[in-house]
Every structure is written in C-alpha cells, then in structure tokens.
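Single-structure report; data block below.
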Amino acid sequence: MLNRRSFLAASSAAALLRPGRAHASVPLQLRVGASRHQIAPPGYPETGMWTVNTQFPGPVLRLAQGERLQAEVINAIPQATALHWHGIRIDNAMDGVPGLTQAPIAPGETYLYDFALPDAGSYWYHSHAQSVEQVERGIYGALIVQEADAPEVDHDVVLILDDIRLDPSGEVSAPFDAGFDRSHGGRIGNILLTNGEAEYARPVKQGDRLRLRLISAANARIFELGLQGLEGMVVALDGMPLARPEPVEKTFVLAPAQRMDLIVDVSAEAGSDAFLIHFERDGGYAQATFPVSVGTTARRPAPGALPPNPDFPITLKGARTATVLMEGGAMGGMRGAVYDGERRDMRAIAEANMFWALNGVVGRTAEPLIEVARGESVRIGLANDTAFAHAMHLHGMHFSEVRGDGTFGPLRDTLLVAPNETREIAFAAHNPGDWLFHCHMLSHHAAGMGTFVRVT
Ligand code: C2O
Ligand code: CU
C-alpha cells in the first residue's frame, strides 16, 4: 500500500528514496544521464542509453490522486532536455515543452517541476527535447496516479512497451533524423521491449487478478496486441476510466503514447504460461510472459468501473471549430507548403529534411491553430490526406471523439488516425495555456507535424 507522498520505484523503492525523503519540501530528484543496460538478448553486448536515475525505463512514479509531484530534473546528458508529463491535465508552465512552455534545460542545469495531479490513472513522462533521439535512448518512465478507492487486484503491473533500433554492435542506431523514417512510418525498432527487457516475464498464480497498465513508449510503432490465458476488461484509456468497462477484444491496438488499463484474471492452467502477445505479419510473439503456478480455478465477478475523474463536460452546441488537414510524407502527393515563412515546393521542403504539413504549413506556426476562452468547447475536424497513420496528441486536456452519429467516444489524449481517414474530436477548454497538438510518431513531429491550441 502507498503512503502519502510516496514515490515508489517499481521494485526498488528503497534504492530511490528512503521514507521521509518524499517530504513536501524535498523534491524527488530525477537525474537524466548516461547508463548502460543489457537490453539486447543475452549474448549481445550492453547498450549505452540515456536514462532517468540510471534506470531503464526510468523509475515508476506512484502518487496519490490530488497530490503534487515535485521533481528536480538534473540534466547530465550532452543535449538540452525537458520532461513532459504525458496526459496530465497539468499547469501549463509545467508541461515540459521547450520553446512553448519553458526554456530547455541546458546540460549541467536543473529545473524544478511542481504540479498537481488532478486525475488518477496511468500516465507517463518522457523527454520532449530532440525526442526522436532522447525517447529512443530511454528518457521515459511511468507516472501512476492512484485512486483513493482502487479496485482490488493481486498485482498492479506496469508494462511499458517499446521498440528500439540497435546496431549489430549493440549501440542505439544513429542517425535519428534519417529522411526515410521522417517521410515514412517513423523510426521503427528491431528489438521489442517490455519494461526495458526483450524477454519480460512475471510469475502469477492461476486465478490471480491483474491490473495491467499498458503504456506505449515507442517512437512510431503501432502495437497490435492480444491476450492468451488472461481474461477481463478494459477499464481505462489514456488514463481516463471508461464509464462502462468493455471486454478486451481479441486483438487491440496501442499507438505511440497511448495507454490502456486492463483488469484481467489468469485463466491459464498452472504449469503453463499466459501472455501479452504482439502480432506481426507472420504471427504472434510474446511481448510479456506470465508463468502460471497453482492458484484457484474459482471465477470472480467482472470488475466494475474505476472511480471517475473530475468531469469537464463538452457542449457541442456553440462549440468553436477548427479543422486540421494532414498532408505530406512519402506517397502523399503534397505539392508544396509554407515552410520557414515561405511557400516552397515539395522538393525544397524535402531537401530541408521536412515532410509534413498541417493546414499547408510545415512545423509549428507562431499563431495557434485556434484561440478560445476558458470554458468554451472546441471541435476539431481531422483529415488525414497522407499514406500513413498518425497518433495525434493534445497536451493539457483530454478530448472525446465525436462519432458519425453524434455520440462521444471515450476520453483520450492520443487518437490514431488511419490513412485517408476523417475524424472529429471535441474537448472542453478548461485548462488555460498554449497546448501542443502534434503527431506522436516522433519523427513526424520533428519533420513538421505539430501545431498548438491556445486557451485564455
Ligand atoms: Cu507525449 Cu507532446 O507528447
Ligand atoms: Cu504522424
């Protein structure tokens, strides 16, 4: 069980903090620096990573809903950095976006993040500076905000999924700005990881109830997943509880930055394994293995809904509207766009290693996509006129999809938009500030796919 103000690392809470350390006036220290890790399969060399507190993934930060997170970030890598607290409906000044909400943290400098945690759920933190490289190299971790009234489970398991591209030497493959990645599906790795391990395993008992907190830290891979020997419900998406939990589908998708909370019971027989599977074109592979020992075959009642987070209802009537046309990339047919203040043809844009435009502009503009007053509702139509899928992420506020029939989808902070698809999202602009709205395929963002929304 968690104490007030405790920040627990997944398994080594004691290594991270002694009791009493987590006092309100003593912020948690998060040191972004170099460390080496065995992430390639056994027999291969260790990999030089950039990590938080020498852990890969970084420490799991567990706090109670309503607490403040105070973290002093120490930059010990040779690049400027910043941490973004993905999915937290955060005070804008603490959002961690260099050039929009803060100055980057220069090498050798420190920066204090200090913010409230209004919502329970599964969130994560990651570098938001040169993120194609810094996230790939390992600057990320889980941020878990506990409900006061959490459902009872036998294991609360964070599973951060990632893929990393290693060279045969075992080092993280450079460059990070390859034109092919930027213009196609983004940087896809050649080794799949769960919590930093290529062969993640965790023992369970038959009949155990698990809360699986799936978090995708992948640069660009769209995970197609399934369960074997585990049965249950989806209870939250992108941190936010579903009003009505839904049975886990046979296959389900986790796009970059998305999260999914599942409450599942171990139905596999003792002596066998249960799995989280990821599917590739040629079949399914173990993404996480749960060796099952003797427990019970008794069935439990299905899990109920998680306690709701504070609600900011969306009003479609009178909502402010904007549209976002997504263009560019390989096979996309974009002729030209405004880049660096001038209209240029696609060849000139590609020569600058840029490839994507939102509403005819490559990269973030000085002016927001839309400026609204706090309390207004906003509808944004999204048209994907490209040959690739994009995981569109709004900072600072969760949105709902407005479905064809006018009903709302579940609250999310990241929506996967397939090629040639048109979607619409809506949100209540309850949080003042400048909020990034960008593709979370990190190479796409770096190559032009980002804008922002201003709430005054
Ligand atoms: Cu997960 Cu703009 O970030
Ligand atoms: Cu994209």
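Remarks
- Scanning the range 113-132 for residues that are more than 15 Å from ligand 1 (Cβ to nearest atom) and either in a loop (DSSP other than H, G, I, E, B) or not aromatic (Phe, Trp, Tyr) (or both) yields 114, 116, 117, 118, 119, 120.
- Complete set of residues in the range 235-264 that are touching a Leu at 6+ places or on another chain (Cβ under 6 Å), within 17 Å of residue 416 (Cβ to Cβ) and either in a loop (DSSP other than H, G, I, E, B) or among the β-branched types (Val, Ile, Thr) (or both): 255
- Residue 274 being farther than 29 Å from residue 444 by Cα and of a type in the set (A, V, I, L, M, F, W, C): yes
- Condition check for residue 348: in contact with a Gly (Cβ under 9 Å, 6 or more places away or on another chain), more than 15 Å from residue 258 (Cα to Cα) and outside any loop (DSSP other than H, G, I, E, B): yes
- Scanning the range 187-205 for residues that are outside any loop (DSSP other than H, G, I, E, B) and touching an Asp or Glu at 6+ places or on another chain (Cβ under 6 Å) turns up 192, 193.
- Every listed requirement among (1) surrounded by 20 or more Cβ atoms within 10 Å (Cβ to Cβ); (2) touching a Leu at 6+ places or on another chain (Cβ under 6 Å); (3) of a type outside the set (Gly, Ala, Ser) is met by residue 75 save one, (2).
- Considering the range 164-200, the residues that are buried (at least 20 other Cβ atoms within 10 Å of the Cβ) and charged (D, E, K, R) include one that is farthest from residue 448 (Cα to Cα), namely 187.
- Candidate set: the range 376-407, residues that are more than 14 Å from ligand 1 (Cβ to nearest atom) and within 28 Å of residue 180 (Cβ to Cβ); chosen: the one surrounded by the most Cβ atoms within 10 Å (Cβ to Cβ): 386
- Residues of the range 273-304 that are surrounded by 15 or more Cβ atoms within 10 Å (Cβ to Cβ) and of a type in the set (A, V, I, L, M): 274, 276, 277, 286, 288, 292.
- Residue-level check: of (1) more than 16 Å from ligand 1 (Cβ to nearest atom); (2) part of a strand (DSSP E or B); (3) surrounded by 17 or more Cβ atoms within 10 Å (Cβ to Cβ), residue 452 misses just (1).
- Candidates 371, 401, 367, filtered to the one that is under 25 Å from residue 128 (Cα atoms), free of Cβ contacts under 8 Å to residues at least 60 places away in the same chain and of a type in the set (D, E, K, R): 367
- Unmet criterion (only one of (1) more than 16 Å from ligand 2 (Cβ to nearest atom); (2) polar (S, T, N, Q); (3) farther than 16 Å from residue 320 by Cα; (4) crowded, with 18+ Cβ neighbours inside 10 Å) for residue 365: (4)
- Restricting attention to the range 338-359 and to residues that are more than 29 Å from the chain's Cα centre (by Cα) and among the small types (Gly, Ala, Ser), the residue that is surrounded by the most Cβ atoms within 10 Å (Cβ to Cβ) turns out to be 348.
- Pairs where the first residue, in the range 126-152, is closer than 14 Å to residue 64 by Cα and among the β-branched types (Val, Ile, Thr) and the second is at pLDDT below 95 and more than 16 Å from ligand 2 (Cβ to nearest atom), C-beta under 9 Å, 6+ apart: 144/8
- Residue within the range 188-204 that is over 26 Å from residue 272 (Cβ atoms), charged (D, E, K, R) and at pLDDT 95 or above present: no
- Where a residue in the range 313-342 is free of Cβ contacts under 8 Å to residues at least 12 places away in the same chain and its partner, wherever it lies, is away from ligand 1 (no atom under 16 Å from the Cβ) and not hydroxyl-bearing (Ser, Thr, Tyr), with Cβ under 7 Å and at least six apart: 335/345; 335/346
- Flag for residue 410 being modelled with pLDDT of 95 or more, within 16 Å of ligand 2 (Cβ to nearest atom), under 22 Å from the mean Cα position of the chain (by Cα) and surrounded by fewer than 19 Cβ atoms within 10 Å (Cβ to Cβ): no
- Residues that are acidic (Asp, Glu), away from ligand 2 (no atom under 14 Å from the Cβ) and free of Cβ contacts under 8 Å to residues at least 60 places away in the same chain within the range 413-441 comprise just one, 424.
- Every residue from the range 371-390 that is polar (S, T, N, Q), closer than 30 Å to residue 221 by Cβ and touching a Ser or Thr at 6+ places or on another chain (Cβ under 8 Å): 384
- Set side by side, the residues 70, 38, 55, 79 differ, and just one is among the polar types (S, T, N, Q) and more than 19 Å from residue 138 (Cα to Cα), which is 70.
- Of the residues making up the range 159-186, those that are closer than 30 Å to residue 362 by Cβ, in contact with a strand residue (DSSP E or B) (Cβ under 9 Å, 6 or more places away or on another chain) and not in a strand (DSSP E or B) number 5.
- Check on residue 164, within 16 Å of ligand 1 (Cβ to nearest atom) and β-branched (Val, Ile, Thr): no
The values are calculated or read from the model by the stated rules, or taken from the named source; none is laboratory data. The structure displayed is predicted, hence computed values, not measured ones. When we count neighbours, we look across all protein chains shown, and the Cβ atoms used for this are built from the backbone with ideal geometry, even at glycine.
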